[in-house]
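*Asks:* Encoded as structure tokens, here's the structure I'll be asking about.
The values are calculated or read from the model by the stated rules, or taken from the named source; none is laboratory data. What you are looking at is a predicted structure, and each value in this text was computed from that prediction instead of being measured. As a convention, Cβ positions derive from the backbone with ideal geometry for all residues, glycine included, and neighbour counts pool all protein chains shown.
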Amino acid sequence: MGKTVSIIGIGALGKTLARALELQGYKIYSLFNRTVSKAEDLGSELNAGIVGSIPESAGDLGELTFITVADDAIGAVTGQLAGQLWDLSSCTIAHCSGNESSEILEPLSGAGAEIAAFHPLQTFNPTSAPGIFGDIYISLEGQAGAVDQLELVVSRLGAHPLHVTPEAKSYLHAAAVMASNYLITLVHLSGEIAGLGGVDPWEARKALHALVRTTAENASAEKLSSVLSGPIARGDLKTVKKHVQLLEQNEHLASLYKRLGLETVALARQKEGITDEEVVQITKLLKD
Ligand SMILES: NC(=O)c1ccc[n+]([C@@H]2O[C@H](COP(=O)([O-])OP(=O)(O)OC[C@H]3O[C@@H](n4cnc5c(N)ncnc54)[C@H](OP(=O)(O)O)[C@@H]3O)[C@@H](O)[C@H]2O)c1
């Protein structure tokens, strides 16, 4: 049997985490959400003993509390809890933001709680399956006692712990935004590029999806240049030139294509397939 768990914030992550922890044998002790109906619904599903909008006594909190409200509400929720002057010495409290360090929970440490930041490197929505935690990495940072307890949670979820400093955590979050959110932006813009030629952007994105999926799989390679394909990796100046000409009609897409192309040249140079002369020619084309 796992520890008793409280979750404050029944949004995409809070909901999925509650379901995943319950499946792993944790008792969902209490659930809280600003819009209380969401806590009530999940509470009935998971047999939580206490549901509400905010804890009303220290006894409303289980041994492990996850604050999963929006990033800009973590400070306010922390302040609300700390302002009650409860004795929280039997509580471990973590937030799940990638952007904030555990320091934002300092007022709760003053009340006796062990504090930490627990950030899953995964993307969630309200219908995510609990199994979504399997094999992912979860960054941990904070007080030693809290981090030790959360490491057990990570292991029970079938995930991997990644111990980070507060500073490293911020860089990791910027990296996560680039790898996940911007990938969505890139796919969106790929649809726009296809649209310039008259293909419906949504049809194009559907057609590109298998390519995106295989590429994402390939991105787990240690040496990324080894899985890089396409005209730049082959030193195919003629094709790159044609793409640049096609995109001239849209300055915005052309400049992005060229900028990313230059980064791709740097990666392609790490493998055989492109000659020094082709690097010079393609770089010139992309810099114009
Ligand atoms: N979603 C992801 O992919 C993901 C991944 C890793 C980490 N995280 C982290 O998980 C946390 C929650 O993100 P999410 O994506 O689950 O958010 P979300 O789905 O947008 O849900 C936000 C939650 O915060 C509550 N909330 C918003 N403003 C509030 C306020 N002023 N006071 C009290 N509660 C407030 C909302 O309550 P209402 O229901 O009343 O609006 C809701 O429960 C964030 O720290 C985020 O950085 C998210």
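*Asks:* Could you tell me whether SER37 is farther than 17 Å from PRO120 by Cα, in the same structural domain as GLY112 (by TED's automatic domain parsing) and more than 15 Å from the ligand (Cβ to nearest atom)?
*Replies:* No; evaluated as a whole, the condition is false for this residue.
*Asks:* Among the numbered conditions (1) over 20 Å from SER220 (Cα atoms); (2) modelled with pLDDT of 95 or more; (3) not aromatic (Phe, Trp, Tyr), tell me where SER139 comes up short.
*Replies:* (1)
*Asks:* While we're looking at this one, here's another question. Which of the following residues is free of Cβ contacts under 8 Å to residues at least 12 places away in the same chain and within 10 Å of the ligand (Cβ to nearest atom): ALA117, ALA76, ALA70?
*Replies:* ALA76
*Asks:* In addition: Enumerate the pairs (first residue in the range 11-22 and closer than 17 Å to SER155 by Cβ; second residue anywhere and away from the ligand (no atom under 13 Å from the Cβ)) with beta-carbon separation below 6 Å, excluding pairs fewer than 6 apart on the same chain, so at least 6 apart or on different chains.
*Replies:* ALA20/PRO130; ALA20/LEU157; LEU21/VAL5; GLU22/ILE28; GLU22/LEU46
*Asks:* From the list ALA20, ALA70, ALA94, which residue is buried (at least 24 other Cβ atoms within 10 Å of the Cβ) and small (Gly, Ala, Ser)?
*Replies:* ALA94 is the lone residue from the list that is buried (at least 24 other Cβ atoms within 10 Å of the Cβ) and small (Gly, Ala, Ser).
*Asks:* Is one or more of the residues making up the range 249-272 more than 28 Å from SER180 (Cβ to Cβ), modelled with pLDDT of 95 or more and assigned by TED's automatic domain parsing to the domain that holds LEU186?
*Replies:* yes
*Asks:* Now, a different point. From the list GLY43, GLY2, GLY52, which one is farther than 22 Å from SER170 by Cα, away from the ligand (no atom under 14 Å from the Cβ) and either in contact (Cβ under 8 Å) with a residue 40 or more places away in the chain or not basic (Lys, Arg) (or both)?
*Replies:* GLY2
*Asks:* Which ranges mark the helices (runs of 4 or more DSSP H) fully within the range 33-114 that have 2 or more residues being within 19 Å of ALA20 (Cβ to Cβ)?
*Replies:* Once the helices (runs of 4 or more DSSP H) in the range 33-114 are filtered for at least 2 residues that are within 19 Å of ALA20 (Cβ to Cβ), what remains is 36-46.
*Asks:* Further question on the same structure: Suppose the filter is surrounded by 14 or more Cβ atoms within 10 Å (Cβ to Cβ) and aliphatic (A, V, I, L, M); does LEU150 pass it?
*Replies:* Working: surrounded by 14 or more Cβ atoms within 10 Å (Cβ to Cβ): yes; aliphatic (A, V, I, L, M): yes.
For LEU150, the condition - surrounded by 14 or more Cβ atoms within 10 Å (Cβ to Cβ) and aliphatic (A, V, I, L, M) - is met.
*Asks:* Is it the case, given these coordinates, that PRO201 is touching a Gly at 6+ places or on another chain (Cβ under 7 Å), modelled with pLDDT of 95 or more and of a type outside the set (Lys, Arg)?
*Replies:* yes
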